[in-house]
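Quick notes on the structure that follows.
The values are calculated or read from the model by the stated rules, or taken from the named source; none is laboratory data. Remember, it's a predicted structure, so these values are computed and weren't measured experimentally. No Cβ is skipped: glycine too gets one built from the backbone with ideal geometry, and neighbour counts run over all protein chains shown. Side chains included, ligands, DNA and RNA excluded: accessible areas come from the protein's heavy atoms. Shrake-Rupley method; radii C 1.70, N 1.55, O 1.52, S 1.80 Å.
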Amino acid sequence: MKKTILITGGAGFIGSHLVRRMVNRYPDYHVVNIDKLTYAGNLENLKDVENASNYTFRKIDIVDWEQVKSVFENFNPDAIIHLAAESHVDRSIENPMAFVMTNVVGTVNLLNAAVQQLKHKPYFLFYHVSTDEVFGSLEEGGFFNEKTPYDPQSPYSASKASSDHFVRAYGNTYQLPYIISNCSNNYGPYQFPEKLIPLMIYRILKNESLPVYGQGLNVRDWLWVEDHVAAIDLIFHAPQAVGQTFTIGGKNEWKNIDIVHLLCDLMDHKLKRPNGSSRKLITFVKDRAGHDLRYAIDPSHLENTLGWKPSLTFEEGLHKTIDWYLANQDWVNRVTSGEYQLYFERQYQSRT
Ligand code: NAD
Ligand code: TYD
């Protein structure tokens, strides 16, 4: 049966991988990508599917109720997978209100439209893509799972926690069928080069200083983006997932400094630079305010109930990622031109 699936934020990093997967794997679905095209959204990320007959793009700001309503009226969707967000912690420290608007108000607009849509499609499904950062910071030893209490520490994670709460509240109050997944840090092609891994790759390539916050001892749990998207696909299609939460992660914890060292060494090799030369670019800078020490996910619920497993080792994923950024330097130069340069300079100056 033909289904119409709205994907919000489909021109961003994770969203573009999800749109590509859904368009290619499910020719019977009409995939409607709605995205405001902020600095982080780029239709170039979707060149290979833009002419597919089962794909439509609409430039929509989810904060604008009239625009949201018209998308639901025009496309009469069966489900929404919601990824649109302001997603960078450092930017949330600089300008929290943008995060409240898109991540909270935008999500509530979509929820209101979804509740109205239940009149036309009683099984309409709201799938909310969220982050493990809503659980706060871990000491050594523990892991986040579906029962971990919320304890957000940054304006970004507070806005995502708030949107998660609204989704559950709409499930409880209006019987809106929903799913929430909370994933660890993603990496891979098309990630905007303000996040740790692509930023370091891009700056190593240009022989520029590599800003490591604090002493580089904070720990993140990294997942290949296509493994996250495969998990979303699996969960979205599992009837028993409705009303449930899933934590997604690849059991792949790294201290930031160890990742930066590894990237330096891999890039020295790929760029045929003398061993150790990129490590000299590392600059320890002022720490991020309220910097969460550690994130780590226990994905056993997802593994045991739906049989999900990551497909790549970190080393394989990093090779693929570096190779993609080396082959797509035009993309990097285009997305980082203009406003981004000013943002980076501001960030860098405030830390040194
Ligand atoms: P991203 O910043 O790369 O992309 C966000 C997309 O949302 C962009 O295309 C942007 O144009 C769009 N957008 C922003 N504001 C909008 C608005 N008002 N209306 C419509 N579109 C708007 O983000 P990402 O890294 O791909 O993250 C996608 C989602 O996954 C987010 O909800 C994020 O919280 C979540 N998440 C991300 C990670 C990660 O490591 N990147 C991990 C777990 C969860
Ligand atoms: P980031 O990619 O911003 O993801 P998040 O903060 O959402 O986990 O940062 C990952 C880690 O890398 C985090 O501990 C902050 C650190 N970091 C740096 O040390 N230097 C940088 O330039 C950036 C962007 C991040």
| query | Take the residues of the range 47-95 that are small (Gly, Ala, Ser) and more than 23 Å from the chain's Cα centre (by Cα): which is nearest to ligand 1 (Cβ to nearest atom)? | reply | Ser70
| remark: When the range 212-253 is checked residue by residue, the ones that are surrounded by fewer than 17 Cβ atoms within 10 Å (Cβ to Cβ), under 16 Å from Ala296 (Cα atoms) and either more than 11 Å from ligand 2 (Cβ to nearest atom) or of a type in the set (Phe, Trp, Tyr) (or both) are Lys251
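Tell me, which helices (runs of 4 or more DSSP H) wholly within the range 1-118 include 3 or more residues that are in the same structural domain as Ala231 (by TED's automatic domain parsing) and among the β-branched types (Val, Ile, Thr)? Quick ask: steps written out before the conclusion?
Values: elements: 13-25, 65-75, 89-94, 96-99, 107-117.
Result: 13-25, 107-117.
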| message | Quick check on the range 172-187: of everything there that is farther than 16 Å from Lys121 by Cβ and more than 16 Å from ligand 1 (Cβ to nearest atom), which residue is surrounded by the fewest Cβ atoms within 10 Å (Cβ to Cβ)? | response | Thr173
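Look through the range 318-349, keep the residues that are in contact with an Asp or Glu (Cβ under 9 Å, 6 or more places away or on another chain) and open to solvent by 40 Å² or more (accessible area, probe 1.4 Å), and return whichever of them is farthest from Leu271 (Cα to Cα). Lay out the reasoning, then the answer.
The first filter runs over the range 318-349 and keeps only residues in contact with an Asp or Glu (Cβ under 9 Å, 6 or more places away or on another chain), leaving 331, 334-336, 340, 343-344, 346-347.
Narrowing further to those that are open to solvent by 40 Å² or more (accessible area, probe 1.4 Å): 334, 346.
On the way: Arg334: 22, Arg346: 29 Å.
Here the residue is Arg346.
Within the range 272-319, how many residues are assigned to a helix (DSSP H, G or I) and not aromatic (Phe, Trp, Tyr)? Full working, then the answer.
Here is the first cut: in the range 272-319, the ones assigned to a helix (DSSP H, G or I) are 278-281, 300-306, 314-319.
After this cut, where a residue has to be not aromatic (Phe, Trp, Tyr) as well, the list is 278-281, 300-306, 315-319.
Residues in the range 272-319 being assigned to a helix (DSSP H, G or I) and not aromatic (Phe, Trp, Tyr): 16 in total.
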